[in-house]
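Okay, structure first, notes after.
The values are calculated or read from the model by the stated rules, or taken from the named source; none is laboratory data. The structure displayed is predicted, hence computed values, not measured ones. Don't worry about glycine lacking a Cβ; one is built from the backbone with ideal geometry, like all the others, and counts go over all protein chains shown.
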Amino acid sequence: MTAGRILIVDDEPVNVRLLERLLQSAGYGEIATTTDPRRVLAIYRDFKPDLVLLDLMMPHLDGVAVLGQLKAEIPAEAYLPVIVLTADATAEAKRRALSAGARDFLTKPFEQFEMLLRIGNLLETRRLHVALAEHNRSLEETVRQRTEQLLQSEKVATMGALLAGVAHELNNPLAVVSGQAQLLHRPNQDPSVQHRAKRISDAADRCVRIVRNFLALARQRPPERSRTMLKEVLDGAVELLGYELRTDSVEVVVDVPEGLPVLWADPHQLHQVLVNLITNAHHAMRRQERPRRLSLTVRHDTAAGRVSLAIADTGAGIPREIQQKIFEAFFTTKAQGEGTGLGLSLCRSIVEEHGGVLTVESTVGVGTTFRIELPSSWTTRPRSPRCWPTRSNATGTPSPSRATARSRWSCSSASPSTWSSRTRRCRCSTGSASTARSRDGSRPSGGA
């Protein structure tokens, strides 16, 4: 069957049937016909023809008037060939038809082969015109994307230079904070003061590492990797954000199985990724009605050699049309002043530098799940004198010490709580739930 939709307009039913049969015999299967020129515009809008066979002399509206209606309807950049059919072979009739927008002219009676040849040529011209228009649109989109990438690269370069200058100014006060915390952390001090001083020192060290991580990303420096327990990194992120989550009555459920392999990763960069994703999930649920639930689920696929971490929230969800854009640098759905659009872009860069992938699944009105997958094969990392030899279990995976494998979970609220041994889930009498790990086994304060 020959491709092409053809509209036949003639006030004589005999001529319409004849043209329809000739076109069908030539292989054209998509044909629309009418003997009323007043219906042409409606048929065009519904049928979207590739070519129009139009009689010139008709009652109510002649061919020139129909051409005027089509010209007003069709976009200027579009190409719709119209062949005018008429028994008037005068030069004036041809001039009127061609001036009105017709692409060709056939005088009745016409030869079948001539009509089919002209129809075929015009349809081929239309196909080429459509292909050229599509190619031009593709080129324009490519230019737009390249221009946007160039602008984003310039922004990243500018931000890298800015961070280089700000890092010096930040490190000076951070050094003072860290030094004062160390002075408070003396053996003769009260244990509660020592505990708080250590938390201040840890937070100051984390700030220093965050500045270094941003600089490393801007300068494309490789991460500093070591033996890393994903469970410990996750515990630290939950502990850091636990107070804010409890304040907004977010129920936090952490499901971490025993026996996870040791990862070859940069724990500080992974901590940065988890804090960013958990914070985004928290912000997504702020305006949602309760219950607000944040699920952190770790799984190990031994066959595939991958460890996955799913961060699922019950927020408003992300529309499908922007799910791929959220990882672009400087793209943000937050209000002006609330986000830079760098968070998810940097998160994906960090995960990919570790040989992993960061994906998103979201349903509007249900929630969003970000999934991190990292390689779990210890043998794929470079041999380092600092890390070898290491004690392995029967599967060849390095065995963590008993202190590392054992994890104490405590509720950050002073209210009575109950725990699930599998998911380490806390349900407080205040109606909120959270999980936190105390480094020294004590119950941390909710507001510190």
(Q) Looking at the structure I just gave you, is residue 54 farther than 24 Å from residue 131 by Cα, of a type in the set (A, V, I, L, M) and at pLDDT 90 or above? (A) yes
**Q.** Subset of region 72-99 that is under 55 Å from the mean Cα position of the chain (by Cα) and among the hydroxyl-bearing types (Ser, Thr, Tyr) - its residue that is surrounded by the fewest Cβ atoms within 10 Å (Cβ to Cβ)
**A.** 99
Q. Assigned to a loop (DSSP other than H, G, I, E, B) and closer than 23 Å to residue 130 by Cα: does that describe residue 70?
A. no
**Q.** Members of region 281-298 that are in contact (Cβ under 8 Å) with a residue 24 or more places away in the chain and surrounded by fewer than 21 Cβ atoms within 10 Å (Cβ to Cβ)
**A.** 282, 283, 286, 287, 288, 290, 291, 293, 295, 297, 298
Q: Could you list, in sequence order, all residues of region 1-18 that are in a loop (DSSP other than H, G, I, E, B) and more than 16 Å from residue 54 (Cβ to Cβ)?
A: 1
Q: Inspect all residues belonging to region 24-33 and state whether any of them is modelled with pLDDT under 90 and in a strand (DSSP E or B).
A: yes
Q: All but one of (1) surrounded by 14 or more Cβ atoms within 10 Å (Cβ to Cβ); (2) assigned to a loop (DSSP other than H, G, I, E, B); (3) under 40 Å from the mean Cα position of the chain (by Cα) hold for residue 102, so report the exception by its number.
A: (3)
**Q.** Qualifying residue in region 115-126 (condition: in the same structural domain as residue 22 (by TED's automatic domain parsing), closer than 25 Å to residue 45 by Cβ and assigned to a helix (DSSP H, G or I))
**A.** no
